[in-house]
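Following: one structure in structure tokens, then a few remarks.
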Amino acid sequence: MTAFPATQGPIGVFDSGYGGLTILHGIRQLLPEYDYIYLGDNARAPYGSRSFEVVYQFTRQAVLKLFELGCQLVILGCNTASAKALRTIQQRDLPRLAPDRRVLGVIRPTAEVIGDLTQTRHVGLLATEGTVKSDSYRLEIQKLHPDISVTGVACPLWVPIIENNEADSPGADYFVKKRLDHLMRLDPLIDTVILGCTHYPILMPKILKYIRPGVRIVPQGEYVAESLQNYLHRHPAIDSLLTKSARCQYYTTENPDKFKESARIFLHEDINVRHIDLE
């Protein structure tokens, strides 16, 4: 007997922190009729520099909690979790615990569309240290587009800048320009840059200010949303298990008031948040 049999419920979106809110926002813009639960493991964030095993254990706990809350489909709205935990959860945990439920990531949807976006076939990646070191983007992109080369640069200070509400500050300019210049020095032929961390769209005004003219910036939200919409069209049995009352609930492992305040940076609205334990 499975631990989580099929039943009706919402779509879950998980992130180690706040960045997954940009993914949730993109999905809700395209698919507003569905119910959603967002879970942020803010108490243990960031995941970017943690080991594969730790990220897997933390992500597994979050996925199982979302299953307990009734979610039939969970999106790992976190690049680090998608890079370090998704495959193991799909292959090891779901067949045993929840064969009728699904867990999807944010790397594959971006890899699927990138071939249509680059002309030079040279792509840049800006992400956390963990995502860059995992090599997940290069591997996923080259499975689909073997002719595309991928150059990654880690941006360890970008998330703290955003979460401390400094994205509009003059100090942020230095760190954004420094990473962009480094990326373009590594491969001057890059014509398309993936923002491989869900926080980074918050820095979009500064990224556009300092990126070389003609280089395309690819945030993930709209592509993940379109990929999910397509997935649900192709899997009507999964879609039939998803409730559609246009409701959204938020949970955090940290202080709800702190989450609510920081979430304004990403959502530009007030939300109700509840505390939850994963361990």
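Descriptive notes on the structure:
- Residue within region 134-145 that is out of contact with any strand residue (DSSP E or B) (no Cβ under 7 Å at 6 or more places or on another chain), open to solvent by 60 Å² or more (accessible area, probe 1.4 Å), under 29 Å from Phe52 (Cβ atoms) and touching a residue at least 24 places away in the same chain (Cβ under 8 Å) present: yes
- Flag if Ile37 is open to solvent by less than 40 Å² (accessible area, probe 1.4 Å) and closer than 17 Å to Ala246 by Cβ: yes
- Condition met for Ile202 (surrounded by 13 or more Cβ atoms within 10 Å (Cβ to Cβ), hydrophobic (A, V, I, L, M, F, W, C) and in contact with a His (Cβ under 9 Å, 6 or more places away or on another chain)): no
Okay, residues lined up against (1) among the polar types (S, T, N, Q); (2) touching a Lys or Arg at 6+ places or on another chain (Cβ under 8 Å); (3) touching a residue at least 12 places away in the same chain (Cβ under 8 Å); (4) open to solvent by 30 Å² or more (accessible area, probe 1.4 Å):
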position	(1), (2), (3), (4)
Leu66	no, no, yes, no
Gln72	yes, yes, yes, no
Ile75	no, no, yes, no
Ala81	no, no, yes, no
Arg87	no, no, no, yes
Gln91	yes, no, no, yes
Leu94	no, yes, no, no
Leu97	no, no, yes, no
Asp100	no, no, yes, yes
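- Unique match (being open to solvent by 80 Å² or more (accessible area, probe 1.4 Å), free of Cβ contacts under 8 Å to residues at least 60 places away in the same chain and either of a type outside the set (Val, Ile, Thr) or within 21 Å of Leu126 (Cβ to Cβ) (or both)) among Arg247, Arg264, Arg216: Arg264
- Residues of region 219-238 that are open to solvent by 20 Å² or more (accessible area, probe 1.4 Å) and touching a strand residue (DSSP E or B) at 6+ places or on another chain (Cβ under 9 Å): Pro219, Ser227, Tyr231, His235.
The values are calculated or read from the model by the stated rules, or taken from the named source; none is laboratory data. Keep in mind that what you see is a predicted model, and the values were worked out from it rather than measured. FYI the Cβ positions are ideal-geometry reconstructions off the backbone, even for glycines, and counts take in every protein chain you see. Heavy atoms of the whole protein, side chains included, go into the accessibility calculation; ligands, DNA and RNA do not. Shrake-Rupley method; radii C 1.70, N 1.55, O 1.52, S 1.80 Å.
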